1. Which of the following residues is closer than 30 Å to ASP298 by Cβ and not hydrophobic (A, V, I, L, M, F, W, C): GLU126, GLU109?
2. Hey, can you tell me all the residues within the range 183-194 that are over 16 Å from GLU273 (Cα atoms) and touching a residue at least 60 places away in the same chain (Cβ under 8 Å)?
3. In the list LEU516, LEU521, LEU559, LEU528, which residue meets the criterion of being within 29 Å of PHE574 (Cα to Cα) and hydrophobic (A, V, I, L, M, F, W, C)?
4. If you scan the range 51-63, which residues turn out to be exposed (fewer than 15 other Cβ atoms within 10 Å of the Cβ) and either without any contact (Cβ under 8 Å) to a residue 12 or more places away in the chain or outside any loop (DSSP other than H, G, I, E, B) (or both)?
5. Would you be able to say whether some residue in the range 350-357 is buried (at least 19 other Cβ atoms within 10 Å of the Cβ) and modelled with pLDDT under 95?
6. Which ones in the range 544-573 are surrounded by fewer than 17 Cβ atoms within 10 Å (Cβ to Cβ) and either assigned to a strand (DSSP E or B) or touching a Phe, Trp or Tyr at 6+ places or on another chain (Cβ under 6 Å) (or both)?
7. Can you pull out every residue in the range 215-259 that is part of a strand (DSSP E or B) and surrounded by 23 or more Cβ atoms within 10 Å (Cβ to Cβ)?
8. Against the condition buried (at least 21 other Cβ atoms within 10 Å of the Cβ) and part of a loop (DSSP other than H, G, I, E, B), how does SER48 come out, does it pass?
Amino acid sequence: MKKHLANALIFSSIFVCVSAQAEIDLPHVGSYDQAQVETIWKDVKGDSVPKPLLTSSTIDNPGLSYSNIFPKNFLQEEMFTVCYQECKKKDAVKVNGSSILASDNDGLEQANIYFWLKRYFDFVDERFSFRPSKYLKVLTNRSIKDTTASSRMKNNAFFNPADISLSFLPASNNFLFNTLKGKINRSGYDASVISHEASHYFFHHLFPDSINSEIAGLNEGFADYIANLHLNNPKVGLVMLRGKALRDASSLVDGKGQLKTYSPKMESHDLGERVALVLWKTREQSDNKEEFDRHVVDAVKTISQNPFATIHSFKAEMMKRIPSVVSSMNMTNVSTVWEIALPGKEVAITDMSFLSKGEVSPSYLGFKINQTISKRFTDEMGMDEQTDMGFSFIREVKLENNQTAILMASEDEKITRPYWYVLDNKSGNILGIFGIDQQIVTDKKELKEITNLTSQALGLNETITDFISKTRMFADLAQGKGDLTSGYKIKSIISSPSSMIFNGESITTERIEISLKKKFLISLILGLPDIDKVTLYLADKKIRALPTLKEKRVIGFKLQFTNGTASEMILNKFGRATP
């Protein structure tokens, strides 16, 4: 980080005259509140903003314009930069004297994101004393292709913790989209979306590593709430959805007309709606609203110390703090809202009997997984191109209070590392992870090392079901039948002998490689992925759940896409208690 800042102070001499200016005029989308007046959107074309919402402001000149970090980009500050598509390209905006010119949609979006981010960081610094520790790269109208298709991703914005970036994607306004769903604007026009995504960046500083998916829901609710505060408006998405709210923290019902109440295993944005609701409603009852805001941030910091935190961990911490800023007269109303939206309390492990169970089990299964993501995508997103892992499911123990302990092991060619995972079956949360020393694992480094195993423990049943479903579907395809034959034509099928390790021993297998070509019209209508090849692995194993092909069982598959992305999963361990 220090290196980044040091480099940023070295300006390109050709631009010193621009950087020396004290103030500059910046066009942007203003008056977020007015965006909810639906009449101003009448006759406004798709991906456009009504003139009443367009304005300009005089702001301080970008602090590090045309610096050595990104010498082609004007909109740079000490801790962030806003680039058009990628920071190697020139800006969509143009600089003319003391004015920024945004003559088209791309320029307006870039200028608008910069304006609102600059205001956002001033706000969170003043309210929470938050100054980022990591440099943020922001990309507007970013072109990202789906990892399984050639189409560009659209109608979204997201924070990527892998490379500390915010991405604002193009809007889709083709004829079919307009006919079925109505018009939509690019997310970079919308101050609430910009603030929401920046708040994910904020949350990442507070709680960078979490295990349970409910924390993703807390992240979404936190991001909505901070955006609500920044704009003093409980609605998110008014500009992007052209006068309609994507989410409204002041409403007790969601967009489907359902009461906003927690249910286990909720989608993260749905859970986030419940979080934003209780925070906004509590703030309305608070005697010291800014202090309440700080309590929210402090509660997130506190539960971040518990890797197994859940949404009810956050609720427990907030209920400790709320009485200090809400009068006893209003506490009944506040408590009622919290119990409606987030009923229940934290769940604890009450039965430790699983620790006395041995590791040897007559019933087990294990998989070898290999995933390859296209190099272009991994380079763009700061991800690993290759992921290899092996894992085994060894034992399952039913515990009291609807809890289950699962003994899992991460494996490679050199080492096997077993862990007990204790799950709350109702919520799907992991309540604890225990090593072979029978101690709960809390070391962040160790938890990070077993991230892939943890994800398999959380989704074990889904993984097994998906594996069986895919082997059956691909076995049908090899025989010229099944759903896939509607969208794909078989170009060739090649069979060859192979071998692999199964239950620790080398076995002879058969490899069936199926080359495919999409049936253009049908695949276009159905939106099918660009599959290039499907490879099946066959073995003489008596495993009833798996499909039969050429009088052998399909024990694995490899799915390859035309862009280089591939996914391989092979069953390499199997035992059962009874024949």
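The values are calculated or read from the model by the stated rules, or taken from the named source; none is laboratory data. Predicted model only: the values in this text are computed from it and were never measured. Cβ: placed from backbone, ideal geometry, glycine included. Neighbour counts: every protein chain shown.
1. Values: GLU109 fails: closer than 30 Å to ASP298 by Cβ.
The unique qualifying residue is GLU126.
2. Residues satisfying the conditions are LYS183, ILE184, ASN185, ARG186, GLY188, TYR189, ASP190, ALA191, ILE194.
3. Answer to the selection: LEU559.
4. LYS51, PRO52, THR55, SER57, THR58, ASP60
5. yes
6. Matches in the range 544-573: THR548 only.
7. Quick first cut of the range 215-259, residues part of a strand (DSSP E or B) only: 235-236, 247-248, 253, 259.
If the condition is that a residue be part of a strand (DSSP E or B) and surrounded by 23 or more Cβ atoms within 10 Å (Cβ to Cβ), then LYS235, VAL236, ARG247, ASP248 are the ones that fit.
8. no
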